[in-house]
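Novice: Before we start, here is the structure in question, set down as structure tokens.
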Amino acid sequence: MELFITGLCAFLGGVLISWANFLLLRRLMNARGDTGIALASPARMLLSAAYIVLLYFIGKRTDLSLGALLIGGALGLTVTLILLTLRLSRGSGGKGKE
């Protein structure tokens, strides 16, 4: 049960990081258009990578399962990224330059 709770907490943390990334991207897209995507990408990548590194160090410094932390965090980041990207692309309504 502890393994499940650890993974679930890491998953929820990944959801929060993805939500923050989504808000950042949406704000920059509304403010700067297509160049906002290019500005947001490095910041989004750094936030996600920093979260995974943080989970790694938490797993090494505590007796929590490192596998559960990393898998839960990665799933939280990935699943939420997919869902929020679909939401953002539907909201744009094909307003791209193509």
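Novice: So which of R61, R44 ends up being out of contact with any Pro (no Cβ under 8 Å at 6 or more places or on another chain), of a type in the set (D, E, K, R) and surrounded by 12 or more Cβ atoms within 10 Å (Cβ to Cβ)?
Specialist: From the options R61, R44, the qualifying one is R44.
Novice: Let me ask you something else. Show the residue pairs that are 6+ apart or on different chains and have beta-carbon atoms under 8 Å apart, the first residue being within the stretch 29-57 and under 13 Å from G13 (Cα atoms) and free of Cβ contacts under 8 Å to residues at least 24 places away in the same chain, the second being of a type outside the set (A, V, I, L, M) and surrounded by 11 or more Cβ atoms within 10 Å (Cβ to Cβ).
Specialist: Note: no pairs meet the criteria.
Novice: Further question: Can you run down the residue pairs with Cβ atoms below 6 Å, 6 or more apart or on separate chains, where the first is in the stretch 68-84 and hydroxyl-bearing (S, T, Y) and the partner is buried (at least 17 other Cβ atoms within 10 Å of the Cβ)?
Specialist: Filtered contacts from the stretch 68-84: T80/V15; T80/S18.
Novice: Only residues that are under 17 Å from the mean Cα position of the chain (by Cα) and at pLDDT below 85: list them for the stretch 74-98, please.
Specialist: Let us first name the residues in the stretch 74-98 that are under 17 Å from the mean Cα position of the chain (by Cα), namely 74-89.
Selection gives T85, L88, S89.
Each row is one residue, and each column tells you yes or no for (1) surrounded by 15 or more Cβ atoms within 10 Å (Cβ to Cβ); (2) modelled with pLDDT under 95.
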{"position": "L12", "(1), (2)": "no, no"}
{"position": "V15", "(1), (2)": "yes, no"}
{"position": "N30", "(1), (2)": "no, yes"}
{"position": "S65", "(1), (2)": "yes, yes"}
{"position": "G72", "(1), (2)": "yes, no"}
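Novice: What are the pairs with Cβ atoms under 8 angstrom where one residue, in the stretch 1-20, is at negative phi and the other, located anywhere, is at pLDDT 95 or above and of a type in the set (F, W, Y)? Sequence gap at least six, or different chains.
Specialist: G13/Y51; G14/Y51; I17/Y51
The values are calculated or read from the model by the stated rules, or taken from the named source; none is laboratory data. Worth saying up front: this structure is predicted, and the values here are computed from it rather than measured. Quick reminder, even Gly has a Cβ in these numbers, built from the backbone with ideal geometry, and neighbours come from all protein chains shown.
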